[in-house]
Amino acid sequence: MKRALIIYNGIKTKTYFYKSIPKLVDFLTKEGFEVVVYPSQSSQDITNYLKKAKNFELLVTSGGDGTMTEVVNGLQGSKIDPNVLYFPSGTANDFAFSLNIGKSYNEVIKLYKENKLLEVDTGLFQDKLFNYVSIIGSVSGVSYTTDNNVKQAIGSAAYVFEALHDLNKLNKEFHVEAVVDGKEVSGDFTLAVIANSKSVGGFRNFFNGSLTDGKFNLFLLNTNKVSSYGNLAKTFVTGIDKDINQKGFVNINFTDLKIKTNSEDFWIHDGEKGLPGNGSYKIDVLKKNLKIYGYEK
């Protein structure tokens, strides 16, 4: 008999997903699955559970971007290779946006019924996997530092307000030395973004990349060299082109990256605090590393 695991953020019990669990279990049972349900109780609980899991063909999960990061890290090196059905229930839901995954039960179930399954790329930052972004600089902690009560009250707009508040402080430069697919790039910047997403920190369509093309973006920004904050704000709202190299902006597609910075901030991986900025790191693109229900336009 096929087996399905429902694993989700057990702390959040007021989401549409939590209320939908009984009918989801009924649906999967009728689809021929033996269903196991596990509500996570703490940070990294999902990752640790998945590393020990056995014999699951389907993994159903719900939470924010951080939950999906726990999922992909738990699956790496585990004994299971399931299809993932993801019910987003966070605030920004950047990863879900890029995969056109809706925020209702029926929208997600429709993806499963229509078998809209993608094999998407993930990033490996040293020894930790991330799904869509690693970022460092003055606004890198927008998702990490934005007050949870504010996020719950006004949704992803909270990220926008927090980021705009930080624009006045976005002038602290740090030095970057990078080797991008064998090409050296260096300079002083105020923000560095490694992304595989159309949305970052609630800013929709920020990049125009694909989650299935085997490439990530390295985006470097120096606000001290941008002609006006108006142009900068417009960039955050309207997004950037795939290839750009102009005053204050660098954007490069890559498959292999080595990067060194002397920033005093921490890297933020999928909205969660990560490694110190003052160091040298290697980033690899793991092609077709996650099988998840969704689609790209």
query: In segment 9-31, what count of residues is obtained for those that are without any contact (Cβ under 8 Å) to a residue 40 or more places away in the chain, of a type in the set (S, T, N, Q) and within 15 Å of Phe87 (Cα to Cα)?
result: 1
task: Identify, from the list Asn131, Asn149, Asn115, the residue that is surrounded by fewer than 16 Cβ atoms within 10 Å (Cβ to Cβ), modelled with pLDDT under 95 and not charged (D, E, K, R).
output: Asn149
- request: Tell me, please, whether a residue that is surrounded by 13 or more Cβ atoms within 10 Å (Cβ to Cβ), outside any strand (DSSP E or B) and out of contact with any Asp or Glu (no Cβ under 9 Å at 6 or more places or on another chain) can be found in segment 29-42.
  value: yes
- request: Go through Thr235, Thr212 for me and flag whichever is modelled with pLDDT of 90 or more and not in a strand (DSSP E or B).
  value: Thr212
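Okay, residues lined up against (1) basic (Lys, Arg); (2) closer than 25 Å to Thr255 by Cβ; (3) touching a residue at least 12 places away in the same chain (Cβ under 8 Å); (4) in the same structural domain as Phe216 (by TED's automatic domain parsing):
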| position | (1), (2), (3), (4) |
| --- | --- |
| Phe33 | no, no, yes, no |
| Gln41 | no, no, yes, no |
| Ser62 | no, no, yes, no |
| Asp65 | no, yes, yes, no |
| Val72 | no, yes, yes, no |
| Glu107 | no, no, no, no |
| Lys113 | yes, no, no, no |
Those residues of segment 54-74 which are out of contact with any Leu (no Cβ under 7 Å at 6 or more places or on another chain) and part of a loop (DSSP other than H, G, I, E, B), in sequence order: Lys54, Asn55, Glu57, Gly64
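The values are calculated or read from the model by the stated rules, or taken from the named source; none is laboratory data. Given the structure is predicted, the values throughout are model-derived calculations rather than measurements. Neighbour counts are summed over all protein chains in view; Cβ atoms, including those assigned to glycine, are modelled from backbone coordinates with ideal geometry.
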